[in-house]
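A short write-up of the structure that comes next.
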Amino acid sequence: MLFKVEMTVNIPLDMPVETAAEIKAKEKAYSQQLQNEGKWRHIWRVAGLYSNVSIFDVKDAEELHNLLLALPLYPYMNIKVDALCRHPSSIRDDDK
Ligand SMILES: O=C(O)C[C@H]1C=CC(=O)O1
């Protein structure tokens, strides 16, 4: 199943810079692992914001839920999820 996920990060202003850098490095490694596994299919920065729009390709909503809760930045994120389905005009074979 495909899901569009919008993540907005709000790191507390009083978090030490080194702590924030450590969490961000873990987040990057986890994100790239999921991208390599094909579960995190796309990630785009929303220009001007500490937000991304991502497409996840997972078995079901429960798998997505578990992946999102494991994000190192999860405690500092607002997350919005929308389920996607194939558009009838799509020319791509992998849009399902
Ligand atoms: O920077 C972000 O948008 C938040 C998060 C998502 C992937 C990653 O490496 O960091």
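Computed from the coordinates by the stated procedures, all read-outs in this text should not be read as laboratory data. In this text the structure is predicted, and so the values were computed from the model without any measurement. As a convention, Cβ positions derive from the backbone with ideal geometry for all residues, glycine included, and neighbour counts pool all protein chains shown.
Rounded to the nearest 20 debye, what is the charge dipole size of the chain about its Cα centre when +1 sits on each Lys and Arg Cβ and -1 on each Asp and Glu Cβ?
In debye, rounded to 20, the chain gives about 240.
Run through every distinct alpha carbon pair of the range 35-75 and return the Kirkwood hydrodynamic radius in angstroms, one decimal place. Could you put the intermediate results ahead of the total?
Numbers: mean 1/r = 0.0892 Å⁻¹.
About 11.2 Å for the range 35-75.
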* Can you give the three extents of the C-alpha atoms in the chain along their principal axes, from longest to shortest, in whole Å? -> 48, 26, 20
* Asked: So which GluC sites (Glu not before Pro) in the range 37-96 are both in a DSSP loop and have at most 12 other Cβ atoms within 10 Å of their Cβ?
  -> E37
* Cα-only Debye scattering, the range 54-96: base-10 log of I(q)/I(0) at q = 0.20 Å⁻¹ -> -0.73
